[in-house]
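Engineer: So that we are looking at the same thing, I have put the structure below in structure tokens.
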Amino acid sequence: MGAQWKHKGRTEHAAAKGRLFTKLVKELIVASKAGGPDPGSNPRLRMAMDAAKKASMPRDTLERAIKKGAGLLDEPVNYETVTYEGFAPHQVPVIVECLTENKTRTAANIRLLFRKGQIATSGAVSWDFNRLGIIEATPPEAGADAETAAIEAGAQELEAAEEGATRFLTAPADLDTVSRALTGMGWTVSAQNLAWVAKNPVALEGEARAEVEAFLEAMDEDDDVQNIYVGLK
């Protein structure tokens with residue numbers, strides 16, 4: 001959880017899946033606008049498309065979002081990235097990334113959501129996080145040496161992930177290069193993204209942890225909230 005928090009049941013209900021699609025569409029639009037509609041030359045768009053496909057987004061929805069971002073439709077849209085820092089209950093550090101076309105609305109909503117925690121000024125929390133690229137991949141065969149793969153692909157570190165996968169950590173600028181290198185070695189990349197990773201995550205159990213998770217779930221339900229990074233073990 002120290003990298004990116006995700007609501008466990010986000011895709012289990014129609015309303016939750018609708019919110020997920022809203023977030024994915026925004027990322028597709030912004031990625032396409034920033035780097036063009038060709039995923040071959042736009043790594044951010046390629047990652048957004050992979051995420052949308054894994055979430056079973058309809059093809060026409062995906063393609064429309066890309067065209068909209070690239071300015072190929074008569075529907076101008078201008079999303080801005082706004083980042084908020086603060087603390088969840090029990091002083092758990094949190095970074096919240098938003099994509100919004102109305103910063104005034106978003107600021108009011110985020111301040112309201114931070115009532116059970118504490119909103120902070122820029123830099124008050126992010127100093128205790130590292131900005132990294134994160135790749136999750138499974139080996140081509142059982143017993144494959146993840147350390148050797150990390151060295152050859154240019155990853156900085158690695159750690160075990162769920163279900164036999166390995167999590168490779170990279171410098172932000174190296175994310176796409178390392179991902180392509182791993183794929184070339186036969187590894188199956190299941191996810192890749194840029195993330196804030198806490199240097200000193202907090203360990204909580206029982207009611208205290210439940211309070212933090214309830215806070216994060218409420219934050220995640222806001223349509224403007226794109227990503228939540230939390231320093232929680």
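The values are calculated or read from the model by the stated rules, or taken from the named source; none is laboratory data. The shown structure was predicted, so the numbers you read here are calculated from the model rather than taken from an experiment. Virtual Cβ from ideal backbone geometry, glycine too; neighbours counted across all protein chains shown. Note: accessible area is taken over every heavy atom of the protein model, side chains too, but ligands, DNA and RNA are not part of it. Shrake-Rupley method; radii C 1.70, N 1.55, O 1.52, S 1.80 Å.
Engineer: In this structure, does residue 34 turn out to be out of contact with any helix residue (DSSP H, G or I) (no Cβ under 9 Å at 6 or more places or on another chain) and small (Gly, Ala, Ser)?
Structural biologist: Answer is no for this residue.
Engineer: Which members of region 43-56 meet the condition of being touching a helix residue (DSSP H, G or I) at 6+ places or on another chain (Cβ under 7 Å) and crowded, with 20+ Cβ neighbours inside 10 Å?
Structural biologist: Once the filter is applied, which keeps residues that are touching a helix residue (DSSP H, G or I) at 6+ places or on another chain (Cβ under 7 Å) and crowded, with 20+ Cβ neighbours inside 10 Å, region 43-56 yields 45, 48, 49, 52.
Engineer: Out of the residues in region 125-153 that are closer than 20 Å to residue 180 by Cα and among the β-branched types (Val, Ile, Thr), which is most open to solvent (accessible area, probe 1.4 Å)?
Structural biologist: Applying the filter and picking the extreme gives 151.
Engineer: Filter region 192-232 down to residues that are closer than 17 Å to residue 132 by Cβ and small (Gly, Ala, Ser) and give me whichever is surrounded by the most Cβ atoms within 10 Å (Cβ to Cβ).
Structural biologist: By that ranking, first place goes to 231.
Engineer: Also: What are the pairs, 6+ residues apart or on separate chains, where a residue within region 59-75 that is within 15 Å of residue 34 (Cβ to Cβ) has its Cβ under 6 Å from a residue that is charged (D, E, K, R)?
Structural biologist: 68/75; 69/33
Engineer: Go through (1) under 15 Å from residue 220 (Cα atoms); (2) among the aromatic types (Phe, Trp, Tyr); (3) not in a strand (DSSP E or B) one by one and return the number of the condition residue 84 breaks.
Structural biologist: (3)
Engineer: If you go through region 98-122 one residue at a time, how many are outside any strand (DSSP E or B), closer than 17 Å to residue 226 by Cα and of a type in the set (S, T, N, Q)?
Structural biologist: Within region 98-122, residues that are outside any strand (DSSP E or B), closer than 17 Å to residue 226 by Cα and of a type in the set (S, T, N, Q) number 4.
Engineer: What tally of residues in region 76-92 results from selecting those that are open to solvent by less than 60 Å² (accessible area, probe 1.4 Å) and more than 16 Å from the chain's Cα centre (by Cα)?
Structural biologist: Adding up the residues that qualify gives 6.
Engineer: If we scan region 154-167, do we find a residue that is assigned to a helix (DSSP H, G or I), buried (at least 18 other Cβ atoms within 10 Å of the Cβ) and in contact with a strand residue (DSSP E or B) (Cβ under 8 Å, 6 or more places away or on another chain)?
Structural biologist: no
Engineer: Return the only residue of 40, 9 being open to solvent by less than 50 Å² (accessible area, probe 1.4 Å) and modelled with pLDDT under 95. Reasoning before the result, please.
Structural biologist: Working: 40 fails: open to solvent by less than 50 Å² (accessible area, probe 1.4 Å).
Step by step, each of 40, 9 is checked, and only 9 is open to solvent by less than 50 Å² (accessible area, probe 1.4 Å) and modelled with pLDDT under 95.
Engineer: Taking only region 194-233 into account, find how many residues are in contact (Cβ under 8 Å) with a residue 24 or more places away in the chain and on the phi > 0 side of the Ramachandran plot.
Structural biologist: 0
Engineer: Looking at residue 95 and the list (1) open to solvent by 30 Å² or more (accessible area, probe 1.4 Å); (2) under 27 Å from residue 215 (Cβ atoms); (3) part of a strand (DSSP E or B), which single condition is not satisfied?
Structural biologist: (1) is the only condition that residue 95 fails.
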